[in-house]
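Below is one structure, written out as structure tokens; the observations come after it.
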Amino acid sequence: MGHTGKTLIGLIAASLTFGSAARAQKVTRQAPTAADWAAMAKLPDFSGVWETSFGGGAAARGRGTPAAAPSLTPVYAAKAKALARQTAKAEDNPSANCLPPGMPAIMGQPYPIEILMTPGKLTIVIEAYTQVRHIYTDGRALPQDPDPTFFGTSVGRWDGNTLVVETVGLEDVPRGLSFPYSDKIRIVERFRLADPNTMTVETTINDPEALTMPYSMGTRTFTRHRNWTIAEYICEENNRNFVDEKGKAGLNLANPDASPK
């Protein structure tokens, strides 16, 4: 390789390194103090392993009243129709290739989640696809120009006993929703304890470009299992996701070794 090629590669590597470092240095978190830990004792306790069920009717599924269809603007209604006409190849289906769903679908998987509470941050360990969400409660603002990711950037604040979480910066591919959205999308979740072992999460989608009004996805109910632990989930070794001959994704919960019919 010539000198020019080595120099170019070096500049690219340096640029990538500097870019990563710059993003990591946007927010500096101080080590939590004893007072910070003591203050947490006054907050609702969301810690532990939670599960939402999917059997039976709407209430049994933990969804409450079924959500109405989103009201899309004319431009995004046309985009939705175009997406519906596209016939995806089965081998390109994200679930069949072990790619996790994005927000907010990742919060409704038929697997448990574990919530860890520490000063300034709530961490959600999601058994499905071995995913992790970070919800920052240290007073920071939402980023003005977020890097698009599967789950976006989530910032929470306390409204009495309710944790209000806002998420921005989703990838432009609709991985976690059934309709197209713009880069202005903002997901609002409201976490509450209905009783010591019951948590509700109300989810609303705001997008001034794609939606004519905020879209309420209803409320999902989770049950805490204090004697549970999160299991290892390696999709590539035990892939229960499949797609049928029409390209529709499915989930085989009965026997991971059996081929879907």
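The values are calculated or read from the model by the stated rules, or taken from the named source; none is laboratory data. On a predicted model such as this, the values are computed, not experimentally measured, just so you know. Quick reminder, even Gly has a Cβ in these numbers, built from the backbone with ideal geometry, and neighbours come from all protein chains shown. When the accessible area is computed, the model is the full protein with side chains, heavy atoms only, and any ligands, DNA or RNA have been set aside. Shrake-Rupley method; radii C 1.70, N 1.55, O 1.52, S 1.80 Å.
FRET efficiency for the Gln144 to Arg29 pair, using the beta carbon distance and R₀ = 25 Å, is estimated at 0.80.
Could you provide, to the nearest whole Å², the per residue accessible area of segment 150-246 with probe 1.4 Å?
Values: 5100 Å² over 97 residues.
I get 53 Å² per residue for this part.
For segment 182-190, backbone phi angles converted through the Karplus equation (6.51, -1.76, 1.60; θ = phi - 60°) give residue-by-residue couplings of 9, 6, 8, 4, 9, 9, 10, 10, 10 Hz, Gly and Pro being listed as x. The length gained on full extension between Val125 and Thr73, counted as 0.36 nm times the residue separation minus their Cα-Cα distance, comes to 15.2 nm.
The modelled label-to-label distance between Thr212 and His225, using points 7 Å beyond Cα along the C-beta direction, is 4.3 nm.
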